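Coordinate-derived values only; no laboratory data. These numbers were taken from a predicted model, which means no experiment stands behind them. Glycine also receives a Cβ, built like all others from the backbone with ideal geometry; neighbour counts cover every protein chain displayed.
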Amino acid sequence: MPQVLKVAVAAPIRHTFDYLAAQDTPSGLLNPGIRLSVPFGRGTRIAYLLEISDVPDVDRSRLKCVHEILDERPLLSSADLELLRWASHYYHHPIGEVISTAFPVLLRQGKPAVIKGETTLRLTEQGKWIELDLLWRAPRQAALLTLLRAHPKGLGSSRLSELDWDWRAGARRLAEKGCLEIFDAPPPPDSWASGGHTVAPFSLNADQRAAVETVSAAFGRFTTFLLEGVTGSGKTEVYMQLIRKILERGEQVMVLLPEIALTPQIEGRFRTRFPEPIAVFHSGLSEAERLNGWLRIRQGEASILLGTRSAVFIPLQKPGLIILDEEHDASFKQQEGFRFSARDIAIVRGRQLGIPVLLGSATPSLESLSNAQKDRYRHLHLPERAGTASHPRLQLLDIRNQKLSEGLSPPLLAAMKQTLERKEQVLLFLNRRGFAPTLICHACGWVAQCQRCDANLVIHSADHRLRCHHCGHQQNIPDSCSGCQALALRPLGLGTERVEQALESHFPDARLARVDRDSIKHKGDLERVLTEIQSGGIDILLGTQLLAKGHHFPEVTLVGILDVDSGLFSTDFRSIERMAQIIVQVAGRAGREEKSGAVILQTRHPQHPLLCALIREGYDAFAVNALAERRAARLPPFSHQVLLRAHAADEAAPRRFLTEVCLLARQSAMAPIDILGPVPAPMTRRAGRYRFQLLFQCPRREPLHALLGTIVPQLHRLPDSRRVRWSLDVDPVDLY
Ligand code: ADP
Ligand code: ZN
Ligand code: ZN
């Protein structure tokens, strides 16, 4: 009798499905972890084989036959499948979608699991000799020809995509003219193996050596380490020396970073250190590149995996160590769809594989510090900066009663002037992009708001537009007030564009760079600015939190944080933790080499106790105080939370649905669980939809998950479930 295949279908469905294998299928082909294509509804779907069984869940005669077996060998091992099942269970998320997350898009679509060649351009004889003048009307084609003449062996799409313009149209035109050929070539080995020359490791200082020795003594078994090292203390050097040791054992390392923007820098450092092949995996790559990176790690061809959060699921051939840098960063939590925490998954994975997990940060999250206090994590410290660099000096600047010029106080301006006279660099931090966050009428007080969100429109001066940062709506800036028709509209508040203009008039000779999501749009933009800063081509660097993450600015000796207060008073209990992390991270960018740095924080609350603890005693003292507040308020990590969000185009349905859930939960709960709500989300209307939420909170995790396990499968049967879209967020990192 044909065997029953239990599969997960890549769809938002919580249960698995049974299919039959075709009569003539060799049984050796049927292994859990392979992909199949199956008939589903009126169409076909990709499915993942979980188990083989003799007993179907439904009557055998109703079972359909699998269309096709897509993989000869399983892509996921039983350990990989076990991890994904755990994640599906823990996050109460449909198993098919969880498994899909582990795959690059091409594999989700059922494409073959083989390393893919990339589109490559190469000049023909004609292309080598044609006069460039003939292309005077097509500057991009001319540029492409010039570029290809410098690369006679041809250039692949991964390199070409670094251009900040679309090369494909020009390439097609040139191919039509017979100037170049376009073909699929295997990716050149040097795109993933190092160029050859390697730089010798540093000799470690005592703290670094202790960290490397402690972690390497735990190779081959599970332990979580929290490496707390001030910025510039040489954490990356510790990672690299541990990686060296893992590679010597013939094992692989997974290195997870919070941001795509950080990967080129780390990748560069790794490539000058390791001749071993490195696979990179993040959303900035092409689908083909991601497939290739995934397969190389899976097949053991690459020894080092460098990726962002979704890389945490990539199957490894011989795992030895997981490193997660900047562990405090909220980007490790996926904020839509399958809302997993890559940090927490990394730890579960380490335990399951029996390998150590190393979390690193200059400003560990309060959760991780609390785990270290409870001896769940081993705490390692790098208190000093590596080499000769010294700590920056932090200074609170009371700006009450100061006359501010576009947010800049006279003492800050004076300090900037002195720094620039010494030919040193200044970094200014303001976490708000655009010109001003509000357009207000000076006559009647009317404020320009988004039609679809409970939010003000932000003024953008570059193209003279108003934009909503939540739904993407944009419009021209009106001339007169919509409330009273007066010609009295004024910008209110500060954004980076506005400060940039002010700086241009205060320091007309200074070379200025603004770094935010409006100025950094293309792949390579950030790297270009960073290189310019490092080569001394910039005097004042102004930016948002893009600047706070992991980059080195050795010539910066003055850091100004323009608006500390915005993080102190917020509805989100985590905002003060984030503010403290940003302050310490931004401060850490200053004076990294011989020159010591100063950090000026402008505030109207110079007595704020947590802020004072941070400035006077440092991040650890801040964390002790902040954790005490959390404990008193019974907030995480002293309780566990799950947020159920629901939204709909009308206001009543989400509230009704959550009330129904609330009732159901109260009937089902065995242990006391706080159920808070339903309440409107902090921004209730967003992109035209009304958003409400219900918060479940409990000091212990188990009863919470038991309750969810009972109620989640019933939610789709509640009367209002079809009128809303809902999602579950386990361990939410923001309560939006
Ligand atoms: P972190 O990752 O903690 O911010 P890095 O690893 O980037 O710190 O190191 C900061 C700087 O110190 C880098 O320029 C690095 O090359 C240098 N460095 C690291 N370890 C040492 C060492 N043992 N001796 C001298 N310089 C070091
Ligand atoms: Zn909007
Ligand atoms: Zn008005």
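Over all projection directions, the Cα-based convex hull of the chain averages an area of 37.7 nm². Hey, how much of the P(r) for the range 438-492 falls beyond 18 Å, as a percent of Cα pairs? Value for the range 438-492 (Cα pairs over 18 Å): 26 percent. Projecting the Cα positions of THR557, ALA513, ASN476 onto the charge dipole of the range 460-578 (unit charges on Cβ atoms of Lys, Arg, Asp and Glu, taken about the Cα centre) puts ASN476 furthest along the positive direction.
First measure r as the distance between the Cβ atoms of GLN485 and GLN109, then evaluate 1/(1 + (r/R0)^6) with R0 = 45 Å and state the FRET efficiency to the nearest 0.05.
On the way: r = 55 Å, r/R0 = 1.22.
With a Förster radius of 45 Å, E is 0.25.
Summing Lys and Arg as +1 and Asp and Glu as -1 over all other residues whose Cβ lies under 11 Å from the Cβ of GLY110 gives a net charge of +2.
Taking 25 Å as the limit for the C-alpha separation, the pairs LYS6/LYS111; LYS333/LYS374; LYS177/LYS521; LYS153/LYS177; LYS333/LYS549 exceed it in the case of LYS177/LYS521.
With a cut-off of at most 14 other beta carbons within 10 Å, and DSSP calling the residue loop, which trypsin sites (Lys or Arg not before Pro) in the range 420-504 qualify? Please list them. Please list the in-between numbers first.
Details: sites: ARG422, LYS423, ARG432, ARG433, ARG452, ARG465, ARG467, ARG498; in loops: ARG422, LYS423, ARG432, ARG433, ARG452.
In loop regions of the range 420-504 (DSSP not H, G, I, E or B), the sparsely surrounded trypsin sites (Lys or Arg not before Pro) are ARG422, LYS423.
Distance distribution P(r), the range 4-108, all Cα-Cα pairs, bin width 5 angstrom from 0: 2, 13, 25, 27, 20, 10, 3, 0 percent.
Tell me, what is the FRET efficiency for GLN607 and HIS522 to the nearest 0.05, using R0 = 45 angstrom and their Cβ-Cβ distance as r? With R0 = 45 Å, the Cβ-Cβ based efficiency is 0.55.
A simple count of charges around GLU228, restricted to other residues whose Cβ falls under 14 Å of its Cβ and scoring Lys, Arg +1 and Asp, Glu -1, yields -4.
Dipole magnitude for the chain: about 1080 debye, using +1 per Lys or Arg Cβ and -1 per Asp or Glu Cβ, origin at the Cα centre. Of the GluC sites (Glu not before Pro) in the range 1-73, the ones in a loop by DSSP (not H, G, I, E or B) with at most 13 other beta carbons within 10 Å are GLU72. Any idea which of GLY337, THR710, PHE313 is furthest toward the positive side of the dipole for the chain, if Lys and Arg beta-carbons carry +1 and Asp and Glu beta-carbons -1? Among GLY337, THR710, PHE313, the one farthest towards the positive end of the dipole of the chain is THR710. Computed from the C-beta positions of LEU413 and SER53 and an R0 of 56 Å, the FRET efficiency is 0.15 to the nearest 0.05. Stretching ARG452 away from ALA169 to a fully extended chain increases their span by 98.2 nm, per 0.36 nm per residue minus the current alpha-carbon distance. Electrostatic bookkeeping for ASN292 treats Lys and Arg as +1 and Asp and Glu as -1; over the other residues with beta carbon under 13 Å from its beta carbon, the sum is 0.
Only Cα pairs under 8 Å and 6+ residues apart enter the sum, and on that basis the relative contact order of the chain stands at 11 percent. Could you state the number of Å between the C-alpha centres of the range 658-694 and the range 334-383? Between the Cα centre of the range 334-383 and that of the range 658-694, the gap is 29 Å.
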